[in-house]
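Input: a single structure, listed below in structure tokens.
Every number here is computed from the coordinates shown, using simple stated rules; none is lab data. Because the structure is predicted, anything quoted here is derived from the model rather than measured. Glycine also receives a Cβ, built like all others from the backbone with ideal geometry; neighbour counts cover every protein chain displayed.
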Ligand SMILES: [Zn+2]
Ligand SMILES: [Zn+2]
């Protein structure tokens, strides 16, 4: 089950469980679309994997299985992540 983290790790934008703007990597590092796709160019700054859209959790499910309320806010050094993105962005995710 996904944590459904409540915010973007890089810019701290709110990403509630109903958000269609949340992107996650396989470790569930969570970013808004702008950070994931425009700043990091679909390369996770932590694991270099790709991002996919995080599904919403329907309202009727959320009481039984609540979303995480633990905010993780660790802005990245964009100069460093750019080097990493440049290295991996042209490699298709399945070959990284
Ligand atoms: Zn963001
Ligand atoms: Zn990652």
Being within 17 Å of residue 30 (Cβ to Cβ), within 16 Å of ligand 2 (Cβ to nearest atom) and either assigned to a loop (DSSP other than H, G, I, E, B) or in contact with a helix residue (DSSP H, G or I) (Cβ under 8 Å, 6 or more places away or on another chain) (or both) narrows 48, 69 down to just 48
Output the residue which, of all residues in the stretch 3-41 that are in contact with a helix residue (DSSP H, G or I) (Cβ under 7 Å, 6 or more places away or on another chain) and assigned to a loop (DSSP other than H, G, I, E, B), is nearest to ligand 2 (Cβ to nearest atom).
40
Which of the residues belonging to the stretch 1-45 are more than 10 Å from ligand 1 (Cβ to nearest atom), closer than 16 Å to residue 77 by Cα and surrounded by 23 or more Cβ atoms within 10 Å (Cβ to Cβ)?
43, 44, 45
With the first residue restricted to the stretch 64-76 and required to be in contact (Cβ under 8 Å) with a residue 12 or more places away in the chain, and the second required to be part of a loop (DSSP other than H, G, I, E, B) and exposed (fewer than 12 other Cβ atoms within 10 Å of the Cβ), Cβ contacts under 9 Å at 6 or more apart or on different chains are 65/1
In the stretch 53-81, the residues that are within 11 Å of residue 18 (Cβ to Cβ) and loosely packed, with under 11 Cβ neighbours inside 10 Å:
58, 59
